[in-house]
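Below: the structure, in C-alpha cells.
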Amino acid sequence: MTTPNYPYGEPDNNGGSPTGPGNGAPDNTAYGAGPQGPAGAYPGNGYQDPYGSPQYSGGFENSPLNQGSNKVAPWALGLGIASILLYVLAFIPGIGVISILAPVAALAGLIVSIIALVKGRKFQGRARRTGFSVTGLILSILSLIIVVFLTIVVIAVMGTGVMDCFTADYPDQASQQVCVEEVLIGT
C-alpha cells in the first residue's frame, strides 16, 4: 500500500531499498544520473544538488542578490562624525585634549569619502551608499573649515598681545580680565 510519505512504496516493501529499478522507485538512469551519477547529484535521480554544487551561484551573475555593497562608505561617514565629535569633546574639561585628533580624523574622512564615492560607481542602487559617502565628505570638510577658522583666530589673538596678559605680572583672574579688555578695546 502506498502512503503520501512513501509514494513509491514503503521502504521495507519488496525486501530492500526503494531506490533502483524494480524496487518501486523510478529509473532515472536514462537521464544520465543513476546511483553513480555525476558529482553533486543525488543518488538515484537526475537533479543537481543546489547547495553543494560549485557552479550554482544563486541566480544570474549580475543579480542584485549577488552584488555586495560599498563597504567603504560607512567608514567615511564614521570618520566624518568622529571628526565633529572630537571638536565637541574640546569643551569637556579633562578630556578636551583629545580634540587635537580632530584634524587627523577630518583629513582621513575626506580621503576615505572620496575613495567611497569612486568605489560606489561600481554598484547600483542602494548598494552605492552615496548618502553615507556624501555625508562623510560634508562633515569632514566642515571639520577642516573649523580647523582653519580656529587657526586664524589663534594667530589673530596671539598677534594682538592678549597672551601677554596671562604672565606672572597679572596673577589673579580679575587683573587678567582687565588686561585683556584693555588690549582688545584699546583703552
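Filter the stretch 126-171 for residues that are within 32 Å of the chain's Cα centre (by Cα) and among the aromatic types (Phe, Trp, Tyr) and give the result. Result: Phe132, Phe149. Can you find a residue in the stretch 161-181 that is of a type in the set (Phe, Trp, Tyr), modelled with pLDDT of 90 or more and open to solvent by 60 Å² or more (accessible area, probe 1.4 Å)? Among the residues of the stretch 161-181, not one is of a type in the set (Phe, Trp, Tyr), modelled with pLDDT of 90 or more and open to solvent by 60 Å² or more (accessible area, probe 1.4 Å), which makes the answer no. The condition (being in contact (Cβ under 8 Å) with a residue 12 or more places away in the chain, in a helix (DSSP H, G or I) and not hydroxyl-bearing (Ser, Thr, Tyr)) is satisfied by just one residue among Leu150, Leu184: Leu184. Of all residues in the stretch 111-136, those satisfying the criterion of being of a type in the set (A, V, I, L, M, F, W, C), within 14 Å of Leu77 (Cβ to Cβ) and open to solvent by 40 Å² or more (accessible area, probe 1.4 Å) are Ile111, Ile114, Ile115, Leu117, Phe132, Val134. The residue pairs whose first member lies in the stretch 123-143 and is in a loop (DSSP other than H, G, I, E, B), whose second member is crowded, with 16+ Cβ neighbours inside 10 Å, and whose beta carbons are closer than 6 Å, counting only pairs six or more residues apart or on different chains, are Phe123/Asn70; Arg129/Asn70; Arg129/Ala73.
The values are calculated or read from the model by the stated rules, or taken from the named source; none is laboratory data. As the structure is a computational prediction, the values presented were derived from the model and not from experiment. Glycine gets a Cβ as well: all are built from the backbone with ideal geometry, and neighbour counts include every protein chain shown. Accessible surface is based on the protein model in full, side chains and every heavy atom, while ligands, DNA and RNA are left aside. Shrake-Rupley method; radii C 1.70, N 1.55, O 1.52, S 1.80 Å.
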